[in-house]
Amino acid sequence: MAILVEIYAALFDHFGPQRWWPGDTQLEMAVGAVLTQNTSWTNVSRAICNLKAANLLSFSSLQSLPEDALAEKIKPSGYFNLKARRIKNLLALISRDTPSGDLEFFFAQETPTLREKLLAVKGIGPETADSILLYAAQRPVFVVDSYTYRMLTRHGLIGQETDYAEMQSLFMDTLPADVQLFNEYHALIVRLGKEYCKKTRPLCSQCPLRTFEPLLIEDTAPL
């Protein structure tokens, strides 16, 4: 679908590079992928700062930290009890594969194997798993989300019944398998959704994709 290449060019020309994903280590990016579920990155940043301030952003520290104490530290991210449990579930997966918590060793596994293991963790769905793969593991896996769905449906590129895997395939079958490209494209779509292609009252007349037809505006449900 060549139009996806044109859309990327239009978004990049308008917004410029987004420089995602903020994070100093693979562990920080993986934890951030869980924390960002159903919240803004501003809130995630506060939670990450709490962990850093307490010197807790290491595998051994997080693994030994009681779940309720972890929940307290990540409170700014919302749903903190649930997310603390999900982080603990992720740590348990890593420790089964590498008891020392060597994330470089863990992320060295083949992409399909790694994705299957991540998806088997309770509380980690396709978007979170693929965010971990793309940003923490540096694998060319395209992340789609509700912003992606909204953009594609409003431009008539997919039907409303299209699922995550089908949307992901559109991008991965069209674009070269490049980590930086996938990183940038996903970040640009998120920026578009936040500033122009909003769920309600979208700013279509000002949108950098306003020349791409057709434009079908209606309330599109989140992915």
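I'd like the full set of residues that are assigned to a helix (DSSP H, G or I) and touching a residue at least 12 places away in the same chain (Cβ under 8 Å), limited to region 110-130.
Answer for region 110-130, where residues must be assigned to a helix (DSSP H, G or I) and touching a residue at least 12 places away in the same chain (Cβ under 8 Å): THR111, LEU114, ARG115, LYS117, LEU118, PRO126, GLU127, THR128, ALA129, ASP130.
Restricting to region 33-53, count the residues that are assigned to a helix (DSSP H, G or I) and touching a residue at least 40 places away in the same chain (Cβ under 8 Å).
Total satisfying the criteria: 3.
Being surrounded by 15 or more Cβ atoms within 10 Å (Cβ to Cβ) and either under 26 Å from GLN138 (Cβ atoms) or at pLDDT below 95 (or both) is the requirement here; does ASN38 meet it?
It is false that ASN38 is surrounded by 15 or more Cβ atoms within 10 Å (Cβ to Cβ) and either under 26 Å from GLN138 (Cβ atoms) or at pLDDT below 95 (or both).
Identify, please: which residue in region 59-90 is aliphatic (A, V, I, L, M) and in a loop (DSSP other than H, G, I, E, B) and is, among those, farthest from ASP24 (Cα to Cα)? Working first, answer last.
Going through region 59-90, the residues aliphatic (A, V, I, L, M) turn out to be 62, 65, 69-71, 74, 82, 84, 87, 90.
If we keep only those that are in a loop (DSSP other than H, G, I, E, B) too, we end up with 65, 74.
Numbers: LEU65: 21, ILE74: 18 Å.
Among those residues, the one meeting the criterion is LEU65.
Residue under question is LEU152, and the condition is that it be at negative phi, modelled with pLDDT of 95 or more, in the same structural domain as THR200 (by TED's automatic domain parsing) and in contact with a helix residue (DSSP H, G or I) (Cβ under 8 Å, 6 or more places away or on another chain); does it hold? Give the derivation first.
Values: at negative phi: yes; modelled with pLDDT of 95 or more: yes; in the same structural domain as THR200 (by TED's automatic domain parsing): yes; in contact with a helix residue (DSSP H, G or I) (Cβ under 8 Å, 6 or more places away or on another chain): yes.
For LEU152, the condition - at negative phi, modelled with pLDDT of 95 or more, in the same structural domain as THR200 (by TED's automatic domain parsing) and in contact with a helix residue (DSSP H, G or I) (Cβ under 8 Å, 6 or more places away or on another chain) - is met.
Report the residue count in region 21-53 for those that are under 18 Å from the mean Cα position of the chain (by Cα) and within 26 Å of ASP102 (Cβ to Cβ).
Residues meeting the conditions: 20.
What number of residues within region 54-84 are in contact (Cβ under 8 Å) with a residue 24 or more places away in the chain and either buried (at least 20 other Cβ atoms within 10 Å of the Cβ) or more than 19 Å from the chain's Cα centre (by Cα) (or both)?
Count: 11.
Could you list all residues from region 145-161 that are in a loop (DSSP other than H, G, I, E, B) and more than 14 Å from LEU4 (Cβ to Cβ)?
If the condition is that a residue be in a loop (DSSP other than H, G, I, E, B) and more than 14 Å from LEU4 (Cβ to Cβ), then ASP145, GLY159, GLN160, GLU161 are the ones that fit.
State yes or no: is ALA54 at pLDDT 95 or above and either in contact with a strand residue (DSSP E or B) (Cβ under 9 Å, 6 or more places away or on another chain) or more than 20 Å from ILE124 (Cα to Cα) (or both)?
Values: at pLDDT 95 or above: yes; either in contact with a strand residue (DSSP E or B) (Cβ under 9 Å, 6 or more places away or on another chain) or more than 20 Å from ILE124 (Cα to Cα) (or both): yes.
When the stated conditions are applied, ALA54 passes them.
Yes or no, residue by residue, for (1) within 19 Å of ILE3 (Cβ to Cβ); (2) touching a Pro at 6+ places or on another chain (Cβ under 6 Å); (3) without any contact (Cβ under 8 Å) to a residue 12 or more places away in the chain:
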{"position": "LEU175", "(1), (2), (3)": "yes, no, no"}
{"position": "LEU188", "(1), (2), (3)": "yes, no, no"}
{"position": "GLU195", "(1), (2), (3)": "no, no, yes"}
{"position": "ARG210", "(1), (2), (3)": "yes, no, yes"}
{"position": "GLU213", "(1), (2), (3)": "yes, no, no"}
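Is region 48-68 home to any residue that is outside the structural domain of LEU152 (by TED's automatic domain parsing) and touching a Phe, Trp or Tyr at 6+ places or on another chain (Cβ under 9 Å)?
For region 48-68, residues outside the structural domain of LEU152 (by TED's automatic domain parsing) and touching a Phe, Trp or Tyr at 6+ places or on another chain (Cβ under 9 Å): absent.
Would you mind finding the one in LEU157, LEU133 that is crowded, with 19+ Cβ neighbours inside 10 Å and either within 30 Å of THR211 (Cβ to Cβ) or in contact (Cβ under 8 Å) with a residue 12 or more places away in the chain (or both)?
Exactly one residue qualifies, and that residue is LEU133.
The values are calculated or read from the model by the stated rules, or taken from the named source; none is laboratory data. The shown structure was predicted, so the numbers you read here are calculated from the model rather than taken from an experiment. Heads up, the Cβs are rebuilt from the backbone with ideal geometry, glycines too, and the neighbour counts pull from every protein chain shown.
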